[in-house]
Amino acid sequence: MATDPIMTAAAAPSARPRSALRLTPTAAGRCRRRVHLDHAPDAARTARSEPDDGLKMRLADMDVHAVQVLEVLPAFSGGWTPDDPTRPAIVRSPVLRTATRFGTPDLLIWDGDGYLPVLIRGHRTLDPGSGARVSPVGDPLRTVVDPGRRARRHPGDELQLAHHRAMLRELGLASSSSRGGVIARGSPFQGGELAAELAAAGVQGVDDGAVVLWHDLDTVELDYQQRFDDRYAVATAARAGGELARPSKVAECRRCPWWPVCEPELEAAHDVSLLAAGADVEALHAVGLRTLDDLIAAPAEVLADLKLTAVRVDELRVKARARLQGRPLVRRQRSGEARRADVELDVDMESYLDQGAYLWGALLQGRDIGIEHGYRGFVQWDELPDGGAAAFAEFWAFLTLVRAACAERGLSFAAYCWSRTAEERWMYAVPALFGDHSGVPSTDEVRAFCTSVQWIDLFAEVKRVFVVPGSMRLKAIAPVAGFRWRDEAPGGENSMAWFRGALGLDEANGEVDEALRSSLQQRILAYNEDDVLATAAIRRWMSGPGLELPTVSDLLDQAPPQ
């Protein structure tokens, strides 16, 4: 059907100057400094970093996911534009422009009186619970209340949906409904009762990618508009040579292409955001503390009134002193080391994106229990998630064997990991997804082990014993203990690239040279072995040379750095 107001609204953007400032859907959720640099004519663009391998893999994986979603959708239009008088039921990737906004939603769905924006994403959007409003991808307007899942918050998704809805309103194309949808992927469920309940409601499958999750955008539109107005002001000032946003370290910096530009500025300024985060930075700024030097020199009465959320004020001051002195670790007290046992097992897993863990590495050391010491890699080189069940079952059988052998001999046992949430994510996921697979333990068995004194997070042990003014990544702490990886480019993101290459996921025919496959597999195993050797090295160092490091008292007794 044709509607004149829509035609008029759609024609307007093409008449505007090509230099009009339009922000994209991600701008409202972005760091203010990044928005500034994106629009400042004199920004050092050649210094920006390239997308890392992890991001490239996720984008490639997303392309595959999007194709799979499109195969399930009813017929859709792929060449529609807002000035087209027709109103297709589903539109794929339309280009939308208004005076101040630009965007390309993955889908637009016509609900009778306007379009609803829908995004396709590669992350999980549903968790165990109830109450999520979903519809089958193949029948997106038939909404049901999910009986076994609740919505998982992704503020970035909601802000982008609000951006698209704002454009649709300006163009006269928006539905009167305030909904926006996300089609994601992944699931903690295997099937069973939930699958039957969903099937009865007309939803086939328990994967997040089988449904559109609908968000009520009324709850975020005010926040979106305030953020958008602020970022628009920042971008406008930047284009004119002004500056409304200064550098500050935030979570986004980890993957931001502008980090090589901002980091030297922050380091040179001794910026307090190098150690504090979020609301704590604002609290420090409010009392005039913008640098680490300010923090160290601050009067006691100023510090006494500070209310920080992520760290105690006294510990933040110690971190500031340590950082300015180039000390990666400072002992909290003269005594203190990691918890030890007669028999020790270092554990590290390798996973691929959100699809599962394919390798569980284990390093056995300590007293003789009749089981050969050394490294073992329990691995399945099959496509995930199915291969993850077999690998975990083999690892669990070995863990059970070691624990039983220690119990029979009256020896203490401890298994160590670095940051337990990573391992425990897949420890719990495998029983949930593959509970009927031979050798896979029950969720209760996994919980009993993970909550026992035998499961020790060395990451937490380091935080308990030391004040750490910098990164707590394993790759940052292990070198302090004298450990070096054999691989020239160790890292979880790189290991995912090696796994992807070993499976031939980037090859058109899925095939890969056997020599290359074997080389990549051995590289992954060596990297995983070094990860468990690293945690073992940190533990030994904490019981030896690490005892000689300066303490907090030592640092506080010294004069402040000049």
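Values in this text are rule-based calculations from the coordinates and carry no lab data. What you see is a predicted model, and the numbers here were worked out from it, not measured in a lab. Heads up, the Cβs are rebuilt from the backbone with ideal geometry, glycines too, and the neighbour counts pull from every protein chain shown.
The 3J(HN,Hα) values that the Karplus relation (6.51, -1.76, 1.60; θ = phi - 60°) gives for the range 156-163 are, in residue order, x, 4, 5, 5, 5, 4, 4, 4 Hz. Gly and Pro appear as x. Close lysine pairs were tallied over the chain: pairs 8 or more places apart or on different chains with Cα atoms under 29 Å apart number 11. Database remark: amide H of ALA174 closer than 5 angstrom to the amide H of TYR115, ARG169 (H placed geometrically; neighbours at sequence offset of 5 or more, or on other chains; Pro and chain starts carry no H). Sorted fewest first by neighbouring Cβ atoms within 10 angstrom, LEU171, LEU141 come out as LEU141, LEU171. Dipole magnitude for the range 343-548: about 980 debye, using +1 per Lys or Arg Cβ and -1 per Asp or Glu Cβ, origin at the Cα centre. For the range 4-227, the square roots of the Cα gyration tensor eigenvalues, ordered a ≥ b ≥ c, give a/c of at least 1.5 with a/b no greater than b/c, which places it in the oblate category.
Here, the range 245-329 has an Rg and a Dmax of 12.7, 40 Å when only alpha carbons are counted. For the range 334-348, backbone phi angles converted through the Karplus equation (6.51, -1.76, 1.60; θ = phi - 60°) give residue-by-residue couplings of 5, 9, x, 8, 5, 5, 10, 8, 4, 10, 10, 10, 8, 10, 8 Hz, Gly and Pro being listed as x.
Beta bridges per DSSP, both residues in the chain: antiparallel share near 75 percent.
Using Cα pairs closer than 8 Å and at least 6 residues apart in sequence, work out the relative contact order for the chain, in percent.
About 13 percent, as a whole number.
3J(HN,Hα) along the range 388-398, derived from phi through the Karplus expression 6.51 cos²θ - 1.76 cosθ + 1.60 where θ = phi - 60°, amounts to x, 5, 5, 4, 5, 4, 5, 4, 5, 4, 5 Hz, with x in place of Gly and Pro. Between amide H atoms placed 1.01 Å from N, distances below 5 Å from LEU23 occur with ARG101, PHE102, all of them 5 or more places distant or on a separate chain. Can you pull the percent of Cα pairs in the range 343-548 with separation above 25 Å? So the portion of pairs separated by more than 25 Å is 39 percent.
Averaging the Cα positions of each part gives two centres, and for the range 264-309 and the range 330-401 these lie 40 Å apart.
What's the FRET efficiency of ALA476 with GLU282 using the Cβ-Cβ distance as r and R₀ = 30 Å, to the nearest 0.05? Working shown, then result.
Working: r = 27 Å, r/R0 = 0.89.
Efficiency computed from Cβ-Cβ geometry: 0.65.
Between LEU141, HIS65, GLN226, the Cα set farthest toward the positive side of the dipole of the range 4-227 (charges on each charged residue's Cβ, about the Cα centre) is that of GLN226. Against the compact-protein benchmark of 2.2 N^0.38 Å, the Cα-based radius of gyration of the range 37-141 scales to 1.37. For the range 343-548, DSSP calls about 70 percent of its internal beta bridges antiparallel. Going by neighbour counts of Cβ atoms within 10 Å, the residues GLU221, GLU488, GLU507 line up, fewest first, as GLU488, GLU507, GLU221. Reducing the range 114-193 and the range 28-42 to their Cα centroids gives an inter-centroid distance of 28 Å. Close amide H partners of MET349, meaning residues 5 or more places away or on another chain with modelled amide H under 5 Å apart, are GLY361.
Using percent of Cα pairs over 42 Å apart as the read-out, say which of (1) 48; (2) 33; (3) 17 was calculated from these coordinates. Only one option fits the structure, namely (2). Sorted fewest first by neighbouring Cβ atoms within 10 angstrom, LYS249, LYS475 come out as LYS475, LYS249. For the pair THR421 and ARG484, the difference between a 0.36 nm per residue extended length and the Cα-Cα distance amounts to 20.3 nm. Translational diffusion coefficient of the range 476-529 at 10 °C, 1.306 mPa s, Stokes-Einstein with Kirkwood Rh over Cα pairs, in µm²/s as a whole number. It diffuses with D of about 130 µm²/s by this estimate.
Across the range 245-329, Cα pairs under 8 Å and at least six residues apart give a relative contact order of 26 percent.
Which whole-number percent gives the relative contact order of the range 343-548, counting Cα pairs below 8 Å spaced six or more residues apart?
Answer for the range 343-548 is 22 percent.
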